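Contents: one structure, followed by commentary.
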Amino acid sequence: MCCQLANGLCVCFSLSSYFFLYPHVPLWVSAADIISTVEFNHTGELLATGDKGGRVVIFQREPESKTEPFSQGEYNVYSTFQSHEPEFDYLKSLEIEEKINKIRWLPQQNAAHFLLSTNDKTIKLWKVSERDKRPEGYNLKDEEGRIKDISTVTSLQVPVLKPMDLMVEVSPRRVFANAHTYHVNSISVNSDYETYMSADDLRINLWHLDITDRSFNIVDIKPANMEDLTEVITAAEFHPHHCNLFVYSSSKGTLRLCDMREAALCDKHSKLFEEPEDPSARSFFSEIISSVSDVKFSHSGRYLLTRDYLTAKVWDLNMESKPLETYQVHDYLRSKLCSLYENDCIFDKFECAWNGTDSVIMTGAYNNFFRMFDRNTKRDVTLEASRESSKPRAVLKPRRVCAAGGKRRKDDISVDSLDFTKKILHTAWHPNENIIAIAATNNLYIFQDKLNSEMH
């Protein structure tokens, strides 16, 4: 059954291509192979993933072929490189993991691409470029690059460029280090394309992309006495159009919009977005499940999308008192919070994403399920990303979870049979088309809208 959503988005996606990044471990997954971030570049032609082993894998979209009309939309490996290595802070006797927490692309200015990647402490700027020619015919170097004895040079020649097999070169251009005491959870490139910010649990720093030895602290919520600490920063992002505005979320479920024109240190926010708590619904888990794990500006810049443990919410920048829309992602887990607390799943940090027109939102869930909500029709769908249910060109069927004690229909999945070790934490949506990337443990799935793929 295929359910049509507004704006031409079909919830039955055909799987245009999927990649098992590390197929040598089909039964046992190494922790280093688990994907920890997914990000499209601004055109959607490149897709980068980072993993817990500090590696970055870049995929490139294949151009349309006349002989293979369905090949467009498929992504193949473009380049792989080691971004971060494990380190040890001897001063604090602390191990620093190589895990890639976030990747952010810079808008393309020339033939090369640039991206930022970060682990818990260090942010790096990488240049990705192509080379298909090599110089030959040097006067003072031999074919292997060694300097010749000048006395053996009897004639001069003009060096020439000769064609060679395409080579993708990745080189580090900047290393931004020693600015964060706590773990970096977010990086965001400003719309001025000259600065970016990095956020950890208690501070947000503003960097210039050309300056590595200093940054400006723009938010600091660390109390004089750490015993007075009541909340931490969970995510931060710049406004897509106004370079002076940014938002950050907290573990208390609040959002703070800050304007850098008001003060150098943005400890006083311009707007506070907070949903009033229902006293009758308060429990031991209330504060944990209200913590915001991700915040994203809409492409228009008018709305904010947030994700907490059980819900996804859309906020209007002009309305601080309550969210404009609230979507229940997996409300059937409300009765399972105690066991989810005991196995630490309640602390999982799910990301969220907008489609290119801000009309549909997407976020992950357990059992390798991910959810999509159409803001116009209020329809929603649950889909699954797994090897068992996904084959190339196959159409994904909507899935349904039956709450404990509820009436169960054919093909429904009981909440008691959900696998909480299989979780979709990281998702990304192509900026212009209905193509989505889903990270499921060590597998990357790329789905394409069925309607669009049939048009090519």
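The values are calculated or read from the model by the stated rules, or taken from the named source; none is laboratory data. Keep in mind it's a predicted model, so treat the numbers as computed, not measured. Note that we place each Cβ from the backbone using ideal geometry, even for glycine, and neighbour counts take in every protein chain shown. Heavy atoms of the whole protein, side chains included, go into the accessibility calculation; ligands, DNA and RNA do not. Shrake-Rupley method; radii C 1.70, N 1.55, O 1.52, S 1.80 Å.
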Practice problem: Please tell me if residue 344 is among the acidic types (Asp, Glu) and open to solvent by less than 10 Å² (accessible area, probe 1.4 Å). | Solution: no
Quiz item: Residue check: is residue 92 part of a loop (DSSP other than H, G, I, E, B) and either at pLDDT 75 or above or buried (at least 21 other Cβ atoms within 10 Å of the Cβ) (or both)?
Solution: yes
Quiz prompt | In segment 195-237, residue least open to solvent (accessible area, probe 1.4 Å) [restricted to those that are over 17 Å from residue 252 (Cα atoms) and of a type in the set (Asp, Glu)] | solution = 237
Practice problem: Of the numbered conditions (1) closer than 28 Å to residue 348 by Cα; (2) open to solvent by 20 Å² or more (accessible area, probe 1.4 Å); (3) at pLDDT 95 or above; (4) not charged (D, E, K, R), residue 241 fails exactly one; give the number of that condition. | Solution: (1)
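Residue-wise test of (1) open to solvent by 10 Å² or more (accessible area, probe 1.4 Å); (2) of a type in the set (Asp, Glu); (3) modelled with pLDDT under 95.
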position: 278; (1), (2), (3): yes, yes, yes
position: 282; (1), (2), (3): yes, no, yes
position: 287; (1), (2), (3): yes, yes, yes
position: 297; (1), (2), (3): yes, no, no
position: 307; (1), (2), (3): no, no, no
position: 312; (1), (2), (3): no, no, no
position: 317; (1), (2), (3): yes, no, no
Quiz prompt | residue 218 in a strand (DSSP E or B) and over 22 Å from residue 126 (Cα atoms) | solution = yes
Self-check item: Counted residues, segment 397-448 - those being among the basic types (Lys, Arg), touching a residue at least 40 places away in the same chain (Cβ under 8 Å) and open to solvent by 50 Å² or more (accessible area, probe 1.4 Å)
Solution: 2
Self-check item: Search result, residues across segment 158-190 that are hydroxyl-bearing (Ser, Thr, Tyr), in contact with a Leu (Cβ under 9 Å, 6 or more places away or on another chain) and surrounded by 15 or more Cβ atoms within 10 Å (Cβ to Cβ)
Solution: 182
Exercise. Exactly one condition in (1) touching a residue at least 60 places away in the same chain (Cβ under 8 Å); (2) within 23 Å of residue 191 (Cβ to Cβ) is not met by residue 292; state its number.
Key: (1)
Quiz item: Using beta carbons and a limit of 7 Å, which pairs, at least six apart or on different chains, have the first residue in segment 240-266 and closer than 14 Å to residue 220 by Cα and the second one hydroxyl-bearing (Ser, Thr, Tyr)?
Solution: 249/234; 249/306; 250/234; 256/248; 258/270
Quiz item: What are the residues in segment 271-289 that are touching a helix residue (DSSP H, G or I) at 6+ places or on another chain (Cβ under 9 Å), under 16 Å from residue 336 (Cβ atoms) and not aromatic (Phe, Trp, Tyr), if any?
Solution: 283, 288, 289
Quiz item: Does segment 349-367 contain at least one residue that is at pLDDT below 95, within 28 Å of residue 285 (Cα to Cα), buried (at least 18 other Cβ atoms within 10 Å of the Cβ) and not basic (Lys, Arg)?
Solution: yes
Quiz prompt | Boolean, residue 136 is under 30 Å from residue 31 (Cβ atoms) and acidic (Asp, Glu) | solution = no
Quiz prompt | For residue 234: the one exception among (1) among the polar types (S, T, N, Q); (2) part of a loop (DSSP other than H, G, I, E, B); (3) closer than 25 Å to residue 322 by Cα | solution = (2)
Exercise. Please verify whether segment 102-123 includes one or more residues that are surrounded by 12 or more Cβ atoms within 10 Å (Cβ to Cβ) and at positive phi.
Key: no
Quiz item: Does segment 252-272 contain at least one residue that is surrounded by 17 or more Cβ atoms within 10 Å (Cβ to Cβ) and at positive phi?
Solution: yes
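For every residue, the table says whether it meets (1) polar (S, T, N, Q); (2) modelled with pLDDT under 95.
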position	(1), (2)
167	no, yes
180	no, yes
190	yes, no
194	no, no
197	no, no
213	no, yes
248	no, no
Quiz item: Yes or no: residue 408 modelled with pLDDT under 95 and within 26 Å of the chain's Cα centre (by Cα)?
Solution: no
